[in-house]
Structure formats: C-alpha cells, structure tokens
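K.L.:
Questions regarding the structure given below will be posed in turn.
No lab work stands behind these numbers, since they all come straight from the coordinates. A quick note: this is a predicted structure, and the numbers were derived from the prediction, not measured. Cβ coordinates were reconstructed from backbone atoms using ideal geometry, including for glycine residues, and neighbour counts include every protein chain displayed.
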Amino acid sequence: MGGWAIAVHGGAGVDPNLPQERQEQAKQLLTRCLNLGISALRSSLPAIDVVELVVRELETDPLFNSGRGSALTEKGTVEMEASIMDGPRRRCGAVSGLTTVKNPVSLARLVMDKSPHSYLAFSGAEEFARQQGVELVENEYFITEDNVGMLKLAKEANKIVFDYRIPALGLETCSAGAGMVESALQMNGLPISIYAPE
Amino acid sequence: TVGCVVVDSQGRCAAATSTGGLMNKMSGRIGDSPLIGAGTYACDLCAVSCTGEGEAIIRGTLARDVAAVMEYKGLQLQDAVDYVIKKRLDEGKAGMIAVSSNGEVAYGFNTTGMFRGCATEDGFMEVGIWE
C-alpha cells in the first residue's frame, strides 16, 4: 500500500491575461490548503474529514468560485452546490441551490451522515441546514465586487461567461479576458460558448 | 469551482467539490459538482473531483469513468485521467484531480489552465496553473 496523497483544485479555464499577482495569490491559497490537508493527514485524520476540512477553507476564501466569491446568477444572487463522497463504502452527500449556508460542503457531509438521503436541494436543503444548526449568513456575504463586475460583463455580452478570475485592473481591460467564446462549435444543438466552464 | 481528493495512510479515498456554478446562470441551474459520478466520485480504487463545463462533465459522467476505466480496462490512475479527458468530453472543456488507493496523485485538463496543487507522503509537492 502506498502512503497518503492529496490534490486540490480551484477551477479550470483561467484567463490567459491573469496578472502575475493574481496568479501568486492563487498559488498561495492552494499551498495553504495543501499544507492544511497534509498536517491533517499526518495527524491520521481519515480522508473524508480531510477533504471536508480543505474544501471549507477554499469556500471561505473569496478567491475561487465557491462559498464566498461564488459566481452570480442572472439575478445577481448566489446559489451554491457541493458534494462529498467516502470511497470505502461509497457513501455520499450532495446539496444544491443554497443561498445562506456558509459552508455548503459541510451541509453535504451532514446529508451523508445525518439524513436518509444522498441529495437535498433548495428550500429542503435550507430547512435541513436550520435543523442541523449549521452556520447561516445573508446572501450578500457571498457576493464580491469582482463578481458583480463579471456579471455586468456577462450581461453586456448576453453570455454565460468563463468564470475567469478577472484581472485586478479596470473592468474595461477584462472584456478581453472574460472568456466570451465566439465559436461555431455546437453541443446538444446549442453553441458551445454557452457551456462556459465554472 | 473548488475540489479536494485525498487518500489517507490506510488507503481510504475521499472526494469533495463545491461551487457557485456559472456566472449569469439561470436561477435553479444545477451543474456537475453536486452530481455523484459526474463532478465528484470516490470508491475503493480512487477519488476524483472535476471542474469546467458542467453540462459536458454530466454528459460524460466524467468522475465515475475514471474509476470505471481503472476497474475494467486496468488503466493506472494518470492513464485513466488522460483517457477520460481525451475520450469522454466531445468538444467540452474540463479539468480534474484524482488520487488512487495506492497513494498516486494525478490531474488532467483540456482548458486554458487549471488552478491545482498536489502532494504525496514521499515528499512530492506541486502547485500550478498552466500546462
């Protein structure tokens, strides 16, 4: 049997024009999360607890598209989703449509451990969160200025855009960065550009 | 989207994924991240977390397929990740991270970059964005 191993991600599809300092910020967050997971593994925490611990850290930091810093709906609100799965007995939990739960991955864990189901969504998931006493916050907590700017761009272009981390510079520079993909490619009979990556 | 996959010293695998979804999405839209077998999967062989074009990941049941090609085609972890990224996405764009129960770590993506980091008990550690 090999030893322990860990991997984290913060999303695929990166703005090629992302400035160096934003890239450094992302690498520092990834390194911090890796080290958090490594010290948990060295303390013999089981894998299921380590993935929850690390994703909570990623949800709390506004840099990536989850928890605080989540992408916005067409209405300018946040609707979050998460899932967790434990390999040995393939137990799993998932949630969707969350608007007030501070750490969605922990509610997914509670669905796995404390409910007879594997997936709860929208009002049912929010009610379960209240029953379980998880930390709840206003929807505004999740909304960042960066993402309000990104949504404005997306609406001007009438597109669902790549979730690029927009450059720290002014919005006018990131219209080139935001991945509006004009592509003839089709998927499911629709222009592929609407299937922008998260 | 963010994710983490882990195999602990006892060979137990686990995966977790969390996201706000797509910018400017319709209210009520559900992506791949909460769908077990699409954006997230773990079994006794491996654990996988995906990110990218949710609709393509769902159609390709991407995370489960990594475990399936390991199980049925006998591929090693990195080969399984490469195979699924190459063969299951049609024109879709996505990335994924994965670990195996024998302590391997792998990732793959066909997008412009992916924010990722990985480490193993023997001291290997890497944090990257681009190819």
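K.L.:
Restricting to the protein assembly as shown, what percent of DSSP beta bridges are antiparallel, rounded to 5? All intermediate terms of the calculation are to be shown ahead of the outcome.
P.N.:
Details: 51 of 56 bridges.
Given both bridge residues lie in the protein assembly as shown, the antiparallel proportion sits at roughly 90 percent.
K.L.:
Right, something else. Sort B:70-80, A:73-83, B:25-35, B:121-131 by packing, meaning the average of other beta carbons within 10 Å per residue, with the highest value first.
P.N.:
Working: B:70-80: 15.6, A:73-83: 23.6, B:25-35: 21.8, B:121-131: 12.5.
Peptide ranking by packing, descending: A:73-83, B:25-35, B:70-80, B:121-131.
K.L.:
Distance between Cα centroids, region A:55-78 to region B:1-37: provide it in whole Å.
P.N.:
13
K.L.:
Averaging sequence separations of C-alpha pairs under 8 Å and six or more residues apart, then dividing by the length of chain B, give the relative contact order as a whole percent. Kindly include the intermediate steps, with their values, before the conclusion.
P.N.:
Numbers: 282 pairs, mean separation 26.7, N = 131.
Averaging sequence separation for qualifying contacts and normalising by length gives 20 percent for chain B.
K.L.:
Calculate the radius of gyration of the Cα atoms of region A:43-117 to one decimal place, then report Dmax, the largest Cα-Cα distance, as a whole number, both in Å.
P.N.:
13.0, 44
K.L.:
Now a separate question. What number, in nm² with one decimal, is the all-direction average of the projected area of the convex hull of the alpha-carbon atoms of region A:87-158?
P.N.:
Working: hull surface 25.7 nm².
It is 6.4 nm².
K.L.:
Please state the relative contact order of region B:43-102 as a whole percent: Cα pairs under 8 Å, 6+ residues apart? Mind showing how you got there, number by number?
P.N.:
On the way: 76 pairs, mean separation 31.1, N = 60.
Computed over region B:43-102, the figure is 52 percent.
K.L.:
While we're here: I need the P(r) histogram for region A:1-89: all alpha carbon pairs, bin width 5 Å from 0 out to the longest distance, whole percents.
P.N.:
Taking every Cα pair in region A:1-89, the percentages come to 3, 11, 20, 21, 18, 13, 8, 4, 1, 0.
K.L.:
Still on this structure, please answer the following. Region B:1-79: D in µm²/s via Stokes-Einstein (Kirkwood Rh, Cα pairs, 20 °C, 1.002 mPa s)? Don't jump to the answer; show the numbers that get you there.
P.N.:
Details: Rh = 13.0 Å.
In µm²/s, the coefficient rounds to 165.
K.L.:
Also: I'd like the mean, over residues of A:142-152, of how many other protein chain beta carbons sit within 10 Å of each residue's own Cβ. Please report the intermediate quantities before stating the final value.
P.N.:
Working: counts 1, 1, 0, 0, 0, 2, 0, 0, 2, 2, 1.
Mean number of neighbouring Cβ atoms from other chains: 1.
K.L.:
Calculate, in whole percent, how much of the Cα-Cα pair population of region B:4-131 lies beyond 25 Å.
P.N.:
Details: 1515 of 8128 pairs.
In whole percent, the share of Cα-Cα pairs in region B:4-131 beyond 25 Å is 19.
K.L.:
Here's another thing I want to ask about it. Divide by every residue of the protein assembly as shown the summed helix terms, -39500 (n - 2.57) for each DSSP H run of at least 4, and state the resulting mean residue ellipticity at 222 nm, rounded to the nearest 500 deg cm²/dmol. If you can, show how the numbers build up before the last one.
P.N.:
Numbers: 9 runs with 107 residues, N = 329.
Dividing the helical sum by the residues of the protein assembly as shown leaves -10000 deg cm²/dmol.
K.L.:
Using the Karplus curve 6.51 cos²θ - 1.76 cosθ + 1.60 with θ = phi - 60°, what ³J(HN,Hα) values do you get for each residue of region A:57-64, in whole Hz, with x for Gly and Pro?
P.N.:
Ordered by residue, 3J(HN,Hα) equals 4, 5, 5, 6, 7, x, 5, 9 Hz.
K.L.:
Nearest 5 percent is fine: what portion of the DSSP beta bridges confined to region A:1-153 is antiparallel? Before the final figure, lay out the partial values.
P.N.:
Working: 7 of 10 bridges.
Rounded to the nearest five, the antiparallel share is 70 percent.
K.L.:
Using 7 Å Cα-to-Cβ label points, what is the A:Glu138/B:Asp122 separation (nm, one decimal)?
P.N.:
With each label point 7 Å from Cα toward Cβ, the separation is 5.3 nm.
K.L.:
Now for a separate question. Taking B:Lys73 as the anchor, which aspartates and glutamates have their alpha carbon closer than 12 Å to its alpha carbon, excluding any fewer than eight residues away along the same chain?
P.N.:
B:Asp65
K.L.:
Rounded, prolate or oblate: which fits region A:1-155, taking a ≥ b ≥ c as square roots of the Cα gyration tensor eigenvalues, rounded meaning a/c under 1.5, else prolate when a/b beats b/c?
P.N.:
Values: a/c = 2.19, a/b = 1.11, b/c = 1.97.
Oblate is the answer for region A:1-155, as a/c is 1.5 or above yet b/c matches or exceeds a/b.
K.L.:
Next up: Rg(Cα) of the protein assembly as shown divided by 2.2 N^0.38 Å?
P.N.:
Numbers: Rg = 17.9 Å, N = 329, 2.2 N^0.38 = 19.9 Å.
Normalised Rg, Cα atoms only: 0.90.
K.L.:
Using label points projected 7 Å from each Cα along Cα→Cβ, tell me how many nm separate A:Ala157 and A:His117, to one decimal.
P.N.:
3.6
K.L.:
Under the definition of Cα pairs under 8 Å and six or more residues apart, what whole-number percent is the relative contact order of region A:1-121? Before the final figure, lay out the partial values.
P.N.:
Values: 156 pairs, mean separation 20.3, N = 121.
It comes to 17 percent, rounded to a whole number.
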